[in-house]
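Remarks on the structure that follows.
The values are calculated or read from the model by the stated rules, or taken from the named source; none is laboratory data. Computed from a prediction, not measured in an experiment: that's the story for all the values here. Counting neighbours? That spans all protein chains shown, and the Cβs are built from the backbone with ideal geometry, glycine included. Keep in mind that these areas ignore ligands, DNA and RNA; they rest on the heavy atoms of the full protein, side chains included. Shrake-Rupley method; radii C 1.70, N 1.55, O 1.52, S 1.80 Å.
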Amino acid sequence: MAKSGTTTQGLRTAIERSGYYPALVAEAVEAAVGGEPISSYLVHQETTFDSNEVRRHVTVLVLTGNRFIVSHTDEQAADAGSPSPYATTSTESVKLSSISSVVLSRVVANPESYTPGTLPREVVLTIGWGAVSRIDLEPAACGDPNCDSDHGYTGNSTADDLSLRVSEAGDGPEAVRQTLVFAQALSEATAATSTPAR
């Protein structure tokens, strides 16, 4: 389930509709946003299965004129450290000028007959701002199949701070549409912050 929009009241309503600890989530997000006007937001809830447990998770993304705010809330079962179930909420505030990449991957069925404006079957929104980087290394090789020299390693470094997958089958077509709207708003906002003044 994903909800998007542009107002503080709309954000609170979307959090309440998600039904996932709305008072806790709303308080954390609203504290991070402060008094800034909201340009766009996205509320996405997902359910995962971990062994014999069902776990829920909600991600709230908020775009203001100057910042990108991301909030995650997870529920945890009782454990040795806590005799009762508990939830963990975190928020991170990122200056728009710090966002290095906004990647939107679209999965489209029957691409040979694609019509512009048709919703993708699923989208993956990946946002990088340098807090988390992933390095994939592998042994380097040369073109000689008989060479047994050590050529060191080669690899890629990828900014991968947030990745959010939304599918039509799992979340519904409106959730896919709302993710596209938010991704476009974020992409436009980061482009505007990197455009030099004339």
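Odds and ends about this structure:
- Boolean, GLU92 is of a type in the set (Asp, Glu), touching a strand residue (DSSP E or B) at 6+ places or on another chain (Cβ under 6 Å) and at negative phi: yes
- Selection count, the range 93-133, where residues are under 28 Å from GLU168 (Cα atoms) and either of a type in the set (D, E, K, R) or not in a loop (DSSP other than H, G, I, E, B) (or both): 18
- Across the range 31-56, the qualifying residues are those that are outside any strand (DSSP E or B) and free of Cβ contacts under 8 Å to residues at least 24 places away in the same chain, and the one among them that is least open to solvent (accessible area, probe 1.4 Å) is GLY34.
- Checking every residue in the range 134-154 against the condition of being in a strand (DSSP E or B), at pLDDT 80 or above and either under 19 Å from SER71 (Cα atoms) or of a type in the set (A, V, I, L, M) (or both) gives zero matches.
- Just so you know, in the range 103-120 the residues that are out of contact with any Asp or Glu (no Cβ under 8 Å at 6 or more places or on another chain) and in contact (Cβ under 8 Å) with a residue 24 or more places away in the chain include one that is nearest to ARG177 (Cα to Cα), and it is LEU104.
- Test: residue in the range 179-196 that is modelled with pLDDT under 90, touching a helix residue (DSSP H, G or I) at 6+ places or on another chain (Cβ under 6 Å) and either among the hydrophobic types (A, V, I, L, M, F, W, C) or over 25 Å from VAL58 (Cα atoms) (or both): yes
- Restricting the range 57-87 to residues that are open to solvent by 70 Å² or more (accessible area, probe 1.4 Å) and of a type outside the set (Gly, Ala, Ser), the residue that is farthest from the chain's Cα centre (by Cα) is PRO83.
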